[in-house]
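The values are calculated or read from the model by the stated rules, or taken from the named source; none is laboratory data. All values derive from a computational prediction rather than experimental measurement. No Cβ is skipped: glycine too gets one built from the backbone with ideal geometry, and neighbour counts run over all protein chains shown. Surface areas here come from the heavy atoms of the whole protein model, side chains and all, with no ligands, DNA or RNA. Shrake-Rupley method; radii C 1.70, N 1.55, O 1.52, S 1.80 Å.
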Amino acid sequence: MARTSNIFARVEPEVKEQAEEILGKLGIPMSNAIDVFLRQVIYQQGIPFDMKLPASLPLNINSLSEEQFNKEINAGIADIEAGRVISAEDVRKEMSRKYSI
């Protein structure tokens, strides 16, 4: 048997549980998945997937001038008046579905 070394990592419990559930369905132990990840880091000489910021970030109101801020507020009011709204519950459901929150 090959000699092994231990790795200790801290992760959020929810992340660990969700990953274990998915890996369990695939029949892959967590330690094997980590081994595959590390081997890919070596093979690709870096992180084996793209790491990017989202195409659009949430608006930071602290970076807006008063004129820009007022323009955004007026656009929001126009959206509400035109019925272009999404309930907070629908946003929560979509975020949960998309990001397993």
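The long axis of helix 88-99 is offset from the longest Cα principal axis of the chain by roughly 30 degrees. Bridging of Lys93 to lysines at a Cα separation below 21 Å is possible for none of them, once same-chain residues fewer than 8 apart are set aside.
So if I place +1 on the C-beta of Lys and Arg and -1 on the C-beta of Asp and Glu, and nothing else carries charge, what would the dipole magnitude of region 36-101 be about its Cα centre? I want it in debye, nearest 20. Show your work: numbers first, answer last.
Values: 8 positive and 9 negative charges, 111 e Å.
Dipole magnitude for region 36-101 comes out near 540 debye.
Stokes-Einstein D for the chain at 10 °C, 1.306 mPa s, Kirkwood Rh over Cα pairs, in µm²/s? Estimated via Stokes-Einstein, D reaches 85 µm²/s. The listed residues Ser31, Ser96, Ser65, once ranked by accessible area (1.4 Å probe) with the largest placed first, stand as Ser31, Ser65, Ser96.
Sum up the charges of everything whose Cβ sits under 15 Å from the Cβ of Ile7, counting Lys and Arg as +1 and Asp and Glu as -1, but leave Ile7 out. Please report the intermediate quantities before stating the final value.
Values: positive: Arg3, Arg10, Lys16, Arg39; negative: Asp35.
Around Ile7, the surrounding residues sum to +3.
Straight-line cross-link partners of Lys25 among the lysines, defined as a Cα under 22 Å from its Cα and at least 8 positions apart when in the same chain: Lys16, Lys98. Which angle from 0 to 90°, rounded to the nearest 10, does the C-alpha axis of helix 66-81 make with the longest principal axis of the chain? Computed tilt is about 90 degrees. Relative to the longest principal Cα axis of the chain, at what angle does helix 13-26 sit, 0 to 90 degrees, rounded to 10? Approximately 60 degrees, to the nearest ten. Surface composition of region 29-87: carbon and sulfur atoms hold 58% of the protein heavy-atom accessible area at a 1.4 Å probe. Computed on protein heavy atoms with a 1.4 Å probe, the accessible areas place Glu17, Glu66, Glu89 in the order Glu66, Glu17, Glu89, largest first.
The simple Förster model, with R0 at 22 Å and r as the Cβ-Cβ distance, assigns Met95 and Leu59 a FRET efficiency of 0.80.
The heavy atoms of Leu64 present about 40 square angstrom of accessible area, all protein chains included, probe 1.4 Å.
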